[in-house]
Amino acid sequence: MSEAAQTLDGWYCLHDFRLVDWTTWKMLSSDERQAAISEYMNLIEKWTVTQNKKEGSHAIYSIVGQKADFMMMFVRPTMEELNEIEMEFNKTKFAEFTIPAHSYVSVVELSNYLPAGQDPYESPEIRARLYPILPTAKHICFYPMDKRRQGNDNWYMLPMEDRRNMMRSHGMIGRQYAGKVKQIITGSVGFDDYEWGVTLFADDVLQFKKLVYEMRFDEVSARYGEFGSFFVGNILPQERIEAFLHV
Ligand code: 76R
């Protein structure tokens, strides 16, 4: 029997993608729109207070292409909090003018393919990765992925040592992008349709393409990677939300 990788699990994570129903949004009076925007901004302020207390984090990005208009990413200590956030947003006026486009539920994950030392949950570096304050990079890229389980290419049948060697090679490629791309791997086995969510942050959007392309040639992605839909977007800082929603 194959040995399962042990995981370190951090904050729970929700990626919430929405379209805006611009047609009905435009039908509101500007006073009604302004009230809806203020209510939404108050909610964002509440999330910022949580983030300042280091009890979670959030990121808001506009999405390029027709899959969604914007995304909100949340990390929180419990699944219940993610649920509360989603319900609270859904009950706002602004949410009436959004259409759910996609969502992803997962938990921040580190695996033991690379040695972590003793009681990793006590290590400050590891804690910073398990309970991350999300970067404010200019761009985000999100996609879900699986490791293949097909014929001779079954990741889950491989001995631990083979998987560890391949993950080492994967990590080496990743490390060349240190300072250019920050990745957050979230595990979603049992939570959502794929096994992992990959969330990348960068100030230079082209680095996503370069990194993902380079990894395609690496065995762990070339032979075992299976991918879902890709989303790419630009940061929407609090002070630009109003302009984003201006019609
Ligand atoms: O956590 C670590 O930094 C240690 C090394 C490492 C692990 C264990 C690592 C490094 N990753 C790990 C695990 Mn990764 N990663 C992806 C993708 O598009 C593709 O082909 C794959 C999507 C990218 C772009 C990426 C980037 N990684 C994982 C896992 C879990 C696998 C498992 O448990 O079986 C997945 C699904 C995954 C996918 N990875 C890095 C990066 C980058 C940039 C690094 C270097 C991080 C750094 O050292 O700064």
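The values are calculated or read from the model by the stated rules, or taken from the named source; none is laboratory data. The model shown is predicted, which means the values in this text are computed figures rather than measured ones. Positions of Cβ are backbone-derived with ideal geometry, glycine not excepted, and every protein chain shown enters the neighbour counts. Accessible surface is based on the protein model in full, side chains and every heavy atom, while ligands, DNA and RNA are left aside. Shrake-Rupley method; radii C 1.70, N 1.55, O 1.52, S 1.80 Å.
Looking at the stretch 51-79, which of the residues that are within 18 Å of the chain's Cα centre (by Cα) and part of a helix (DSSP H, G or I) is surrounded by the most Cβ atoms within 10 Å (Cβ to Cβ)?
Among those that are within 18 Å of the chain's Cα centre (by Cα) and part of a helix (DSSP H, G or I), it is Q51.
All but one of (1) modelled with pLDDT of 95 or more; (2) within 28 Å of M145 (Cβ to Cβ); (3) touching a helix residue (DSSP H, G or I) at 6+ places or on another chain (Cβ under 6 Å); (4) acidic (D, E) hold for D16; state the number of the condition that does not hold.
(3)
Of all residues in the stretch 11-44, how many are open to solvent by 20 Å² or more (accessible area, probe 1.4 Å), part of a helix (DSSP H, G or I) and among the hydrophobic types (A, V, I, L, M, F, W, C)?
Summing the residues that are open to solvent by 20 Å² or more (accessible area, probe 1.4 Å), part of a helix (DSSP H, G or I) and among the hydrophobic types (A, V, I, L, M, F, W, C) in the stretch 11-44 gives 4.
Has the stretch 30-37 got at least one residue that is over 25 Å from S229 (Cβ atoms), of a type in the set (D, E) and more than 18 Å from the chain's Cα centre (by Cα)? Break it down into steps so the answer makes sense when it comes.
So the first thing to find is which residues in the stretch 30-37 are over 25 Å from S229 (Cβ atoms), and the list is 30-37.
Now drop any that are not of a type in the set (D, E), which leaves 31-32.
Those left that are additionally more than 18 Å from the chain's Cα centre (by Cα): 31-32.
Yes, because at least one residue in the stretch 30-37 is over 25 Å from S229 (Cβ atoms), of a type in the set (D, E) and more than 18 Å from the chain's Cα centre (by Cα).
Taking the stretch 128-147, which residues are more than 10 Å from the ligand (Cβ to nearest atom) and open to solvent by 50 Å² or more (accessible area, probe 1.4 Å)? Step through it out loud before you land on a result.
Filtering the stretch 128-147 for residues more than 10 Å from the ligand (Cβ to nearest atom) gives 128, 130-140, 142.
Result: A128, Y131, I133, T136, K138.
Looking only at the stretch 90-127, which residues are part of a helix (DSSP H, G or I), open to solvent by less than 60 Å² (accessible area, probe 1.4 Å) and either within 12 Å of the ligand (Cβ to nearest atom) or among the polar types (S, T, N, Q) (or both)? Before the answer, list the steps.
Taking the stretch 90-127 as the starting set, the residues that turn out to be part of a helix (DSSP H, G or I) are 90, 94-97, 120-122, 124-127.
Subset that is open to solvent by less than 60 Å² (accessible area, probe 1.4 Å): 94-95, 97, 120, 126.
Within the stretch 90-127, P120, I126 qualify.
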